[in-house]
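One structure below.
The values are calculated or read from the model by the stated rules, or taken from the named source; none is laboratory data. Since the structure is predicted, the reported quantities are computational estimates derived from the model, not experimental observations. Cβ placement follows ideal geometry from the backbone for every residue including glycine, while neighbour counts extend to all protein chains displayed. Heads up: the accessible areas ignore ligands, DNA and RNA and are worked out on the full protein's heavy atoms, side chains in. Shrake-Rupley method; radii C 1.70, N 1.55, O 1.52, S 1.80 Å.
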Amino acid sequence: MSNRPYIVGNWKMHGTRAMLAEARAIDRAAERLLKVEVALAPPFTLIHATRKEANLIGIGAQDVHSADGGAHTGDISAAMVKDAGAGFTIVGHSERRANHGETNALVKEKAEAAIAAGMNVIVCVGETEEERDAGKAESAVADQLASSVPVGDGVAEKVTIAYEPVWAIGTGRTPTAEDVGAMHRHIREKLGSLYGEEGADVRILYGGSVKPDNAAELLTADDVGGALVGGASLTAESFLGIIMAAAEAHEDKS
Ligand code: PEP
């Protein structure tokens, strides 16, 4: 596992070609911040153009279909996004689980399809507010990990986990750094059960209302290997604030 913080922007359903200027600015700045691994997941329609504009940062998709191809109107396969320039895909984002009824089993199939196509995957997990209030946050996340994370020979090195409490996404609310650290330690333990020793090298990102002003605190919580960032990745200015906080946090740790 690279010990550079991994900061990934998820543009969700935002962005037309006018937003390529933001991607260019992020890419230019990333050249000066090599201590941080930076990536963007734009909408499908911008993957190819973003790849052409940005030389240094990683480019990924926000989802893929679980099948290689076929009669799936409106869907996109892993091979297609790879061909467009994506090196990784997010799977199991809570918005897809909620808006499209994606189950753990489907998320796992999607992750397997992406890995089979030669891509890396970021598998999202996270509890709802009700689960946290009921003291079931860890068991909810453990269930998601057990059923939606792909396993097998050579798979661990292709996988990143994003811990994204559903109640923190797009709300401006975040868990405390202690709660984030506790959940990341729990996830690390479960990764040990899934992957054995290789589980120690899987990166675990935190996601949910990460902003330039709270990034340093969240990124220095226990076993946080980076961040998955939604709203604050939409402009170069705010995303770079997070990337710079990650660079500083990394320097303080090492
Ligand atoms: C996300 O969409 O993965 C996310 C974390 O969104 P936000 O940063 O806006 O909460």
* Structure fact -> When every residue in region 187-220 that is assigned to a loop (DSSP other than H, G, I, E, B) and in contact with a strand residue (DSSP E or B) (Cβ under 7 Å, 6 or more places away or on another chain) is compared, the one surrounded by the fewest Cβ atoms within 10 Å (Cβ to Cβ) is 202
* **Cβ pairs under 7 Å, 6+ apart, first in region 210-228 and more than 9 Å from residue 177 (Cβ to Cβ), second within 13 Å of the ligand (Cβ to nearest atom) and among the aromatic types (Phe, Trp, Tyr)** => 227/206
* **Counted residues, region 103-148 - those being assigned to a helix (DSSP H, G or I), open to solvent by 10 Å² or more (accessible area, probe 1.4 Å) and of a type in the set (Val, Ile, Thr)** => 1
* Across region 221-248, which residue is farthest from the chain's Cα centre (by Cα) among those that are within 12 Å of the ligand (Cβ to nearest atom) and assigned to a loop (DSSP other than H, G, I, E, B)? -> 234
* Answer yes or no: is there a residue in region 26-45 that is in a helix (DSSP H, G or I), open to solvent by less than 80 Å² (accessible area, probe 1.4 Å) and closer than 23 Å to residue 159 by Cα. => yes
* Asked: Quick one: is residue 86 surrounded by 14 or more Cβ atoms within 10 Å (Cβ to Cβ) and without any contact (Cβ under 8 Å) to a residue 60 or more places away in the chain?
  -> yes
* Quick one: is residue 151 part of a helix (DSSP H, G or I) and of a type in the set (Val, Ile, Thr)? -> no
